[in-house]
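The values are calculated or read from the model by the stated rules, or taken from the named source; none is laboratory data. Values in this document were obtained by computation on a predicted structure and should not be read as measured data. Cβ placement follows ideal geometry from the backbone for every residue including glycine, while neighbour counts extend to all protein chains displayed.
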Amino acid sequence: MRVVAVGNANVDLLLYVDEVPAAGQQVEARAFERRPGGAAANFAVAAAKLGASSALLCCVGLDEEGEWLLRELERQGVDTSLALRAEAPTGFSVVIVDGRGERAMVAHRGANALLNRAVERLAPPLRADWVHAASVKPDVAEAALSAAKRLGATTSYDPGGAVARMGFEKLAGALKHADVLFLNEEEAAALAGSGGGQGLERVRKLVRVVVLKRGARGSAAWLGGSFAEAPAFKVEVVDTTGAGDAFDAAFALALSAGAGLQEALIFANACAGLKVSRRGAQSSPTLAEALEFLRSAGLAEVASKLAKAFNRWAGDGRRGSGGG
């Protein structure tokens, strides 16, 4: 299974505090960390940890931060040969994580703003089974996903809050090329209220699978006329950064492996649950960890079905070994 994630790669500067300061206030951080981040990078790492051959198409600067970021991604099993190096500073985000594990972010896009220059790399001889666009503007997503369809890949799109607020009509061009759409409840409401239909009817006419991430209330999905939902797992929340990206990767890989809609949701919930119990955007679980978590939660039968699905997926020879 060859997965390509398209989107941002950032240096995350994480500050762990008891409370996020109000305007004019100052607080002291309990801890500080520098970690790799960015929605597409998080997805690529999560997919690699679950056993996919994973690549990242991104844009980083010709600076020390860019070198460090690509090196860290490669260390986690991500192929960075599709990354474009540009005369711009590598993007970064300041992430403030409070005592409940919730986050506030300030991002500087930097080289990420030049991502459109890298999209042309989605062309033969590149091989891809699944291409995921994460938190990129509609025009970039449309270019990337349409190119991916020409490669014969399954496609998914997680637009993120800022893009979803642009409205349904702005996203429609990209949605025509997406097989799977990931939304949280706020993003779904933004699309529904801007012409996507009260039950996202117009969205679901364009996209085969629409997935709704409900946070602590679990997740749901529509596949044609079918609907499924799954509850969240109760875990101690440490850091929610990257949880949605871990969910997206887990759902995509489970669906690709032949899992049913509800089983894919359960697996994605488990991977997101494990992620929020750990620090850092890319602390998502391995396949073995996710399956053991399901067994420990009393879902041994589901874990067994998923293990068989992933074994078939590996045995079919669809998992590549990198390269284009």
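Which of (1) free of Cβ contacts under 8 Å to residues at least 24 places away in the same chain; (2) touching a Leu at 6+ places or on another chain (Cβ under 6 Å); (3) among the hydrophobic types (A, V, I, L, M, F, W, C) is the odd one out, the single condition Leu291 does not satisfy?
For Leu291, the exception is condition (2).
Being β-branched (Val, Ile, Thr) and out of contact with any Gly (no Cβ under 7 Å at 6 or more places or on another chain) is the filter; apply it to the stretch 276-315 and report the residue that is surrounded by the fewest Cβ atoms within 10 Å (Cβ to Cβ). Can you show your working first?
Keep residues of the stretch 276-315 that are β-branched (Val, Ile, Thr), which gives 276, 286, 302.
With the extra rule that they be out of contact with any Gly (no Cβ under 7 Å at 6 or more places or on another chain), the set shrinks to 286, 302.
Details: Thr286: 15, Val302: 21.
Within the stretch 276-315, the match that is surrounded by the fewest Cβ atoms within 10 Å (Cβ to Cβ) is Thr286.
On the given criteria, is Ser81 at pLDDT 95 or above, surrounded by fewer than 19 Cβ atoms within 10 Å (Cβ to Cβ) and more than 30 Å from Gln26 (Cβ to Cβ)? Walk me through how you get there before you give the answer.
Numbers: at pLDDT 95 or above: yes; surrounded by fewer than 19 Cβ atoms within 10 Å (Cβ to Cβ): yes; more than 30 Å from Gln26 (Cβ to Cβ): yes.
When the stated conditions are applied, Ser81 passes them.
Within the stretch 109-167, track down each residue that is among the acidic types (Asp, Glu) and at pLDDT below 95.
We begin by selecting, within the stretch 109-167, every residue among the acidic types (Asp, Glu); these are 120, 129, 139, 142, 158.
Within the stretch 109-167, just Glu120 meets the criteria.
Find the residue count for the stretch 262-283, including only residues that are out of contact with any helix residue (DSSP H, G or I) (no Cβ under 8 Å at 6 or more places or on another chain) and farther than 22 Å from Gly37 by Cβ.
Of the residues in the stretch 262-283, the ones out of contact with any helix residue (DSSP H, G or I) (no Cβ under 8 Å at 6 or more places or on another chain) are 262, 277-280.
Subsequent filtering for residues that are farther than 22 Å from Gly37 by Cβ retains 262.
Number of matching residues: 1.
Residues that are aliphatic (A, V, I, L, M) and over 19 Å from the mean Cα position of the chain (by Cα), at least 3 per element: which helices (runs of 4 or more DSSP H) completely within the stretch 218-324 meet that?
Working: elements: 243-256, 261-276, 287-296, 300-315.
Filter on the stretch 218-324 gives 287-296, 300-315.
Could you grab me the full set of residues in the stretch 28-52 that are among the basic types (Lys, Arg) and in contact (Cβ under 8 Å) with a residue 24 or more places away in the chain? Can you show your working first?
Going through the stretch 28-52, the residues among the basic types (Lys, Arg) turn out to be 30, 34-35, 49.
Selection gives Arg35, Lys49.
I need a count of the residues in the stretch 245-262 that are surrounded by fewer than 24 Cβ atoms within 10 Å (Cβ to Cβ) and more than 17 Å from Met1 (Cβ to Cβ).
Within the stretch 245-262, residues that are surrounded by fewer than 24 Cβ atoms within 10 Å (Cβ to Cβ) and more than 17 Å from Met1 (Cβ to Cβ) number 3.
Among the candidates Glu65, Glu28, single out the residue that is of a type outside the set (S, T, N, Q), out of contact with any Cys (no Cβ under 8 Å at 6 or more places or on another chain) and either surrounded by fewer than 18 Cβ atoms within 10 Å (Cβ to Cβ) or assigned to a loop (DSSP other than H, G, I, E, B) (or both). Walk me through it before giving the result.
Details: Glu65 fails: either surrounded by fewer than 18 Cβ atoms within 10 Å (Cβ to Cβ) or assigned to a loop (DSSP other than H, G, I, E, B) (or both).
Every option except Glu28 fails the conditions.
May I ask you to list the residues in the stretch 158-197 that are in contact with a strand residue (DSSP E or B) (Cβ under 6 Å, 6 or more places away or on another chain) and either on the phi > 0 side of the Ramachandran plot or among the charged types (D, E, K, R) (or both)?
Correct list: Asp158, Asp179.
Within the stretch 101-206, considering only helices (runs of 4 or more DSSP H) that don't extend past its boundaries, which have at least 2 residues that are touching a residue at least 40 places away in the same chain (Cβ under 8 Å), under 18 Å from Ala40 (Cα atoms) and among the aliphatic types (A, V, I, L, M)?
Details: elements: 138-150, 160-164, 168-175, 185-191, 201-206.
Because the criterion is at least 2 residues that are touching a residue at least 40 places away in the same chain (Cβ under 8 Å), under 18 Å from Ala40 (Cα atoms) and among the aliphatic types (A, V, I, L, M), the helices (runs of 4 or more DSSP H) in the stretch 101-206 that meet it are 138-150.
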